[in-house]
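Below is one structure, written out as structure tokens, with a few remarks after it.
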Amino acid sequence: MIEVKNITKVYKTGDFENKVLKGISFSINEGEFVAIIGPSGSGKSTLMHILGCLDTPTTGQYFFEGKDVSRFSDDELAEIRKRKIGFVFQAFNLLPRTTVLRNVMLPLIYANVSRSKREKIAKKAIIDAGLKEKHFYRLSNQLSGGEMQRVAIARSLVNNPSIILADEPTGNLDSKTGEFVMQTFEKLNKEGRTIVLITHEKYIAENAKRKITIRDGEIIEDITNGISKSVQQIKE
């Protein structure tokens, strides 16, 4: 589903160059649950923006479902984001004083889906994200942090994306609530959803079947089900 080939990202300020990503290569198959883990400043957020088609690499190639999107126009990237990628962020990004149902329906409104159809799709997504029918008409500011994040997950599901990209989804939650949210991701993955999780917390990354560790703009470890690739395999 995803393949990145020797991508770099360089930010220039005058004569100064900040090399954030330094030749990153890996692939992610359909149905995988992958955690990309690294400390602050490691480059994982920059990598997340490239994977989410929010930015493009300076050099190298990024293939999404077989298409080289690394050279797509802004409009083409926006179309990929709208139809293929479900985003879940640390900040829940819900509309305040707006019902759960309407928050989840928003992407479908922008996609010009009929009201009856989008309501049906949104209700199913809310249930799939681990909430109950009683939550449909609650206002977002009446919810707990864990409930708000599950609403955000539901919203990421409504366009039936190829992949869910979660950026520090438990960052604003206590550890117990974070566990409930991670259980939701595990459930979705068991149902066949491809999930890429960005985190700096090792215990959160343990929920994923595969862990890619990034440090100083380079991949230093890639472990799947306890089996680690060598440095040479990672570079290949």
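What the phi angles of segment 79-92 give under the Karplus curve with 6.51, -1.76 and 1.60, with θ = phi - 60°, is a coupling list of 5, 4, 4, 5, 9, 10, 10, x, 9, 10, 10, 4, 7, 5 Hz, glycine and proline written as x. Separation of segment 95-118 and segment 1-34, taken as the distance between their Cα centroids, equals 33 angstrom.
Among LYS123/LYS211; LYS120/LYS187; LYS12/LYS209; LYS134/LYS211; LYS5/LYS209; LYS82/LYS124, which pairs are too far apart, with a Cα-Cα distance over 28 Å?
Table pairs above 28 Å Cα-Cα are LYS123/LYS211; LYS12/LYS209; LYS134/LYS211.
Calculated mean residue ellipticity at 222 nm for the chain: -10500 deg cm²/dmol, from DSSP H runs with n ≥ 4 weighted as -39500 (n - 2.57), summed, divided by the residue count and rounded to 500. Between SER40 and GLU3, the FRET efficiency from the beta-carbon distance, with R0 = 35 Å, is close to 0.85. Beta bridges assigned by DSSP with both partners in the chain are antiparallel in approximately 60 percent of cases. Exposure proxy shown here: for ASP74, ASP128, ASP15, the number of other Cβ atoms within 10 Å sets the order, fewest to most, as ASP15, ASP74, ASP128. Taking the Cα atoms only, what angle lies between the long axis of helix 115-128 and the longest principal axis of the chain, rounded to 10 degrees? Long axis of 115-128 versus the principal axis of the chain: about 70 degrees. When each of LYS82, LYS211, LYS202 is scored by the number of other beta-carbon atoms lying within 10 Å, the sequence from fewest to most is LYS202, LYS82, LYS211.
Direction-averaged projected area, Cα convex hull, segment 85-219: 8.5 nm², rounded to one decimal.
Could you list HIS135, HIS200 so that the one with the fewest beta carbons within 10 Å of its beta carbon is first and the one with the most is last?
HIS200, HIS135
Relative to the first principal axis of the alpha-carbon coordinates of the chain, what is the inclination of helix 145-157, with its axis defined by its Cα atoms, in degrees from 0 to 90 and to the nearest 10? Compared with the principal axis, the helix lies near 80 degrees.
All of the numbers you see were taken from the coordinates with simple rules; none came from a lab. Predicted model, so just to flag it, every value in this text is computed and none were measured. We place every Cβ from the backbone using ideal geometry, glycine too, and count neighbours over all the protein chains shown.
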